[in-house]
Amino acid sequence: MSDKTVVRRSGEGDAYWFLGGLYEVLLSSDDTNGKTTIMQFTIPEGAGPPPHIHNCDEEVYVVDGTAKYNIGGELLDVAAGSIVHLPAGTTETFVPQGTFKMLATYSPGGIEKFFAEVGEKAQRREVPPPPSEPPDFEKIAAAGAKHGLELQAPPG
């Protein structure tokens, strides 16, 4: 258990624009002595992540919208109110079907350091304009490896 109480109100905490989505840090690993990170993602259609594997457990609660998840080769539809538990070492990705908002809890924490490294500090708490260039996958993958995230090259 952390040795301090943390209260963070809406709009507080760090936020990043990354791969066309808004990634907000609600509770950082620094807040919890490394035990947990909680983030809220708002991701538009077409801006889902490449297949990836975390070195930590991940719980996803779908706040709004729908997505098609690929979890270890199994295809699943998720919608608002769904919850997904992804054990460490699970290969996963998802494709938003319209704007998709989710809360993700990571145990142990620390994944927010990846987003801080590869993302752009959000200028506003909204989905950014679409990227004008394709992402530098090698740079993103190298940062992921440093922060316990294995990214697989996206198809194509």
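Throughout, read-outs are computed from the coordinates displayed, never taken from laboratory work. The shown structure was predicted, so the numbers you read here are calculated from the model rather than taken from an experiment. Cβ atoms come from the backbone with ideal geometry, glycine included; neighbour counts cover every protein chain shown.
Return the lysines within reach of Lys4: Cα separation strictly under 17 angstrom, same-chain partners fewer than 8 residues apart disregarded; answer none if there are no such residues. Those lysines meeting the cut-off are Lys35. Positive contributions from Lys and Arg (+1) and negative ones from Asp and Glu (-1), summed over other residues with Cβ under 14 Å from the Cβ of Ala143, come out at -3. Temperature 37 °C, viscosity 0.692 mPa s: under these conditions the Stokes-Einstein estimate for the chain, based on its Kirkwood radius over C-alpha pairs, is 208 µm² per second.
Subtracting the Cα-Cα distance of Lys146 and Gln123 from 0.36 nm times their residue separation leaves 5.7 nm of extension gain.
A cut-off of 5 Å between modelled amide H atoms, ignoring neighbours fewer than 5 places along the same chain, links Leu26 with Ile38, Met39, Gln40. Less than 5 angstrom separates the built amide H of Thr66 from those of Gln97, all sequence-distant by 5 or more or on a different chain. Cβ-Cβ distance of Lys68 and Arg9, R₀ of 30 Å, FRET efficiency by 1/(1 + (r/R0)^6): the value works out to about 0.35. Our coupling estimate for the range 42-52, obtained by passing each phi through the Karplus curve with A = 6.51, B = -1.76, C = 1.60 and θ = phi - 60°, is 10, 10, x, 3, x, 10, x, x, x, x, 8 Hz, Gly and Pro reported as x. Given a Förster distance of 30 angstrom, what is the FRET efficiency for Glu59 paired with Ser132, based on the Cβ-Cβ distance and rounded to 0.05? Result of the calculation: an efficiency of 0.35.
Residue-wise HN-Hα couplings along the range 141-149, as the Karplus relation 6.51 cos²θ - 1.76 cosθ + 1.60 with θ = phi - 60° gives them from phi, are 5, 5, 5, x, 4, 5, 10, x, 10 Hz; Gly and Pro carry x.
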